[in-house]
Structure formats: structure tokens, C-alpha cells
Amino acid sequence: QEQLVESGGGLVQPGGSLRLSCAASGPTFSSRAAGWFRQAPGKEREFVAAISRIGSITTYADSVKGRFTISRDNANTIYLQMSSLKPEDTAVYYCAVARGYYTGTSSTNYDYWGQGTQVTVSS
């Protein structure tokens, strides 16, 4: 079973940057795609970005395209570099492990989830 731990959240001013990390432990993480989702207060969880098993394919929500970058290393960690942050990016951010090679936007195709890390964009 995969276990995921997010870190790197915090308070940042509009226009600032943050880098989220998700450390994974488990036997299958390196052979699966993975992604980031977020949930703002009173809203449904939404897709942010996904990355394939070896990092050759990335997918982004239109709302973050050009501002966020997803990546992964060989040590079972995925990252979300967030730049030009806006107040509407405020949310709890979750990393998740996909079913096999899935890099799409549907949360139902992600099996394992972290506990989330809070990102607040405010002046």
C-alpha cells in the first residue's frame, strides 16, 4: 500500500511562489503516474496536474497552465512548483497515486491520497 506525505505549503503573497513536495513510500509508486489535486473551502476537489511514470507526460488544469510545474525524481517524490500565485489558488493541496498509467483529471482514477497541505495566497 502506498503512503504519501505532502509538505511545503504555507502563506504567500499574491505573485509569490511555493514548491510542494510529496514523499511516497510503497512498492508501486515508481511504476505509476501521480498527480496533484486541490480543494478550496466550500468547493469540490479539483484536478491540478498529473505526471506519467517516467515524467515524459504532464497534464495541467487550464487554471494553472503556465504557472505551475509538476515533476518527479527517482527517489519517490513528486513536486509541484507554483509561481505567480493568486488568491484563488488558496486551497488544501493533495498528492495522489494514479491507477497505472492514468494521467487524466478524474479523481476516481487515483487510488492513494496524502493528508494534504494548506496553501494560502493573501496579502
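Where does the charge balance sit around ILE54 when Lys and Arg score +1, Asp and Glu -1, over other residues with C-beta under 13 Å from its C-beta?
Net charge in that neighbourhood comes out at +2.
How large is the translational diffusion coefficient of region 52-107 in µm² per second when you combine the Kirkwood radius over alpha carbon pairs with Stokes-Einstein at 4 °C and 1.567 mPa s?
Here the translational diffusion coefficient equals 102 µm²/s.
Counting pairs of Cα atoms in the chain, how many percent are more than 25 Å apart?
Within the chain, distances greater than 25 Å cover 15 percent of Cα pairs.
Could you derive backbone 3J(HN,Hα) for region 6-19 from the dihedral phi with the Karplus parameters 6.51, -1.76 and 1.60 (θ = phi - 60°), listing whole Hz in sequence and x where the residue is Gly or Pro?
8, 7, x, x, x, 9, 9, 7, x, x, x, 10, 8, 10
Which whole number in µm²/s is D for region 76-123 by Stokes-Einstein, with the Kirkwood Rh taken over Cα pairs at 20 °C and 1.002 mPa s?
Value of D from the Cα-based Kirkwood radius: 172 µm²/s.
Throughout, read-outs are computed from the coordinates displayed, never taken from laboratory work. Bear in mind the structure is a predicted one, so any value in this text is a computation, not a measurement. Glycine gets a Cβ as well: all are built from the backbone with ideal geometry, and neighbour counts include every protein chain shown.
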